[in-house]
Amino acid sequence: MSPTAATPRATRTPRGWFPHPILSALLAASWLALSHSLAVVHLLSAALIGWGVPRLIAAFLGPANHIHWPGALRLGAVVLWDIVLSNLTVARLVLGPMARPQPAWIEVPLDSDHPWVNALFASIITTTPGTVSAVIDEAGARIWVHALDCSDAPAMARDMKARYEAPLLRILGATPRSHT
């Protein structure tokens, strides 16, 4: 093999000190939260873990994605608001006087081939009480969602796509799937 030949992906060295800075920060913060301490030894351990783990697995993660932070913060606020409202709705449904929920399976078409968009979209749906992403069918370009109470499945699917999937596409800079 010539010295100019491309190196296999798994053996490439990560670029920069922090190839995935967000992952580094999350790992360090998680370590500090789990240790329940800001002692010097725990701060040093957090720094070492935040630096070392992403460097060790950088070849498997690929390059860090560019994230549109204002959009991510807006989406986070929308998701938190929806979680609060969904909790109240589910509590009223479960604790209310003999309420009759209308459970339904909802087919939500996917507008993205991007695995992060699809996984985050399914996670957000599952995080809101009353809905669960049961299947991510990437080959069929859809997510099957079970809703505890749904009177209009197509409207609920459109609402999920508008509130969560469209912002995720913008945040991660993913191109929508071409529907042919």
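General remarks:
- Residues satisfying the stated conditions in the range 118-171, i.e. among the acidic types (Asp, Glu) and within 25 Å of ALA91 (Cβ to Cβ): ASP149, ASP152, ASP159
- Across the range 78-136, the number of residues qualifying as surrounded by fewer than 12 Cβ atoms within 10 Å (Cβ to Cβ) and under 18 Å from ARG177 (Cβ atoms) comes to 1.
- Flag if ARG92 is in a helix (DSSP H, G or I) and over 15 Å from the mean Cα position of the chain (by Cα): yes
Every residue, every condition in (1) over 30 Å from CYS150 (Cβ atoms); (2) out of contact with any His (no Cβ under 7 Å at 6 or more places or on another chain); (3) at pLDDT 90 or above, yes or no:
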residue	(1), (2), (3)
MET1	yes, yes, no
ILE22	yes, yes, no
SER35	yes, no, yes
VAL40	yes, yes, yes
HIS66	yes, yes, no
ARG74	no, yes, yes
VAL94	no, yes, no
PRO101	no, yes, no
PRO109	no, yes, yes
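- Of all residues in the range 122-145 being assigned to a helix (DSSP H, G or I) and in contact with a strand residue (DSSP E or B) (Cβ under 9 Å, 6 or more places away or on another chain), the one that is farthest from ILE83 (Cα to Cα): ALA122
- Some residue of the range 78-89 being more than 23 Å from the chain's Cα centre (by Cα), of a type outside the set (Phe, Trp, Tyr) and assigned to a helix (DSSP H, G or I): yes
- Matching residues in the range 143-180 - criterion: being of a type in the set (D, E, K, R), crowded, with 16+ Cβ neighbours inside 10 Å and farther than 26 Å from LEU73 by Cα: ASP149
- Close Cβ contacts (under 8 Å, 6 or more residues apart or on different chains) running from residues in the range 107-126 that are β-branched (Val, Ile, Thr) to residues that are in a loop (DSSP other than H, G, I, E, B) comprise VAL117/ALA174.
- For the range 95-121, a tally of residues being of a type in the set (Phe, Trp, Tyr) and not in a helix (DSSP H, G or I) returns 1.
The values are calculated or read from the model by the stated rules, or taken from the named source; none is laboratory data. Since we're looking at a predicted model, the values are computed, not measured. No Cβ is skipped: glycine too gets one built from the backbone with ideal geometry, and neighbour counts run over all protein chains shown.
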